[in-house]
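Trainee: Pasting in a structure now, in structure tokens, and then I'll have a few things to ask.
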Amino acid sequence: MKMKQSAIVLAALAVFTVSCGSQGTADNELTSTEKQEGWELLFDGKTMHGWHVYNMGNVPSAWSVKDGALVCTQGAAKDVGDLVTDKEYKNYELLFDWKISKEGNSGVFINVVERPDLPAAWATGPEYQILEASHHDNENPKKRSGGLFALFAPVNAAPLKAQEEWNQAKIRQVDGKFEFYLNGQLTAQQDLNSQQWKDTVAATHFKNYADFGKYTAGHIALQDWNKGVSFKNIKIKQL
């Protein structure tokens, strides 16, 4: 009887394992469910198709594809430049995985406007901050990972993965109201049309950039801060 019960349990476990395995998806791929829900890959894991260097186009830069990740090479100062999507987006949910080198500093910008008179993505786009745990900027709550860089500290503490391990992030925006998430935890929530937003921006150095935080649509940008950062599983669903 015990042998029969054991056989049944083992068979059930085998079915469960196969079932779970069949639902697994490799990096930079969409499940059938995600495709039905309208998700799109912004990075295919093989090429930089769909991306270009801010205000420079498709030119050689510190960005490349390595081992299925979009990588900004550490120390490539001569090739600096934020990487931006070719397309613009307004209402969407964005998912991406990131990891960063020791004392690394990077970010993801939303609602980026690209014009020759603008110096970089940060001149218009609010930034989802990415910062390695040992970086000295962590002493400032408004510069910690998952927060809204230099404006708002994370609203909830989110545990960071160990250095060079992958963190999961989400950005959701609808009509200028957006949320940031880090490893499943809500870390920022703001409304670009609110008085609180306008007052906060006016009290920072961003007040010197007339177009900062004024747009509710635009490019998505990955920051090159010359410290070594990698991204993968970048996918978007327009709402």
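Laboratory data are not the source of any read-out in this text; all were calculated from the coordinates shown. Since this is a predicted model, take the numbers as computed values, not measurements. As a convention, Cβ positions derive from the backbone with ideal geometry for all residues, glycine included, and neighbour counts pool all protein chains shown.
Trainee: Before rounding to the nearest 500, sum -39500 (n - 2.57) across all DSSP H runs of length at least 4 in the chain and divide by the residue total; then give [θ] at 222 nm in deg cm²/dmol.
Mentor: Mean residue ellipticity at 222 nm (helix-derived): -4500 deg cm²/dmol.
Trainee: Averaging sequence separations of C-alpha pairs under 8 Å and six or more residues apart, then dividing by the length of the chain, give the relative contact order as a whole percent.
Mentor: Relative contact order, the chain: 29 percent.
Trainee: Continuing with this model, one more query. Can you give me the three principal axis dimensions of the chain from its C-alpha atoms, in Å, biggest first?
Mentor: 78, 39, 37
Trainee: Now, a different point. Tell me the angle of helix 2-23 to the major Cα principal axis of the chain, expressed in degrees between 0 and 90 and rounded to the nearest ten.
Mentor: For 2-23 against the chain, the angle is about 30 degrees.
Trainee: Between beta-carbons, use under 9 Å as the cut-off and find the net charge around residue 219, counting Lys and Arg +1, Asp and Glu -1.
Mentor: -2
Trainee: Next question, about the same structure. Measuring from centroid to centroid over Cα atoms, what is the spacing of region 209-228 and region 38-113 in Å?
Mentor: Cα centroid of region 209-228 versus Cα centroid of region 38-113: 12 Å apart.
Trainee: Rank the residues 48, 56 as a footprinting-exposure proxy: fewest other Cβ atoms within 10 Å of their Cβ go first.
Mentor: Least to most surrounded, the residues fall as 56, 48.
Trainee: If you don't mind, there's one more thing I want to ask. Among 66, 143, 87, what is the fewest-to-most ranking by other Cβ atoms within 10 Å?
Mentor: 66, 87, 143
Trainee: Under 5 Å between amide H atoms, partner at least 5 residues away or on a different chain: which partners does residue 135 have, H built in plane at 1.01 Å?
Mentor: 103
Trainee: While we're here: Name the long-range amide H neighbours of residue 163: under 5 Å, sequence gap of 5 or more, or other chain; modelled H, no Pro or chain starts.
Mentor: Amide H to amide H, under 5 Å and 5 or more residues apart or across chains, residue 163 pairs with nothing.
Trainee: Students often get this wrong, so check it: of 102/207; 99/177; 35/237, which have C-alpha atoms separated by over 20 Å?
Mentor: 102/207; 99/177
Trainee: Separate question: Quick one: 37, 179, 139, fewest Cβ neighbours within 10 Å first, how do they rank?
Mentor: Going from least to most buried by this count: 139, 37, 179.
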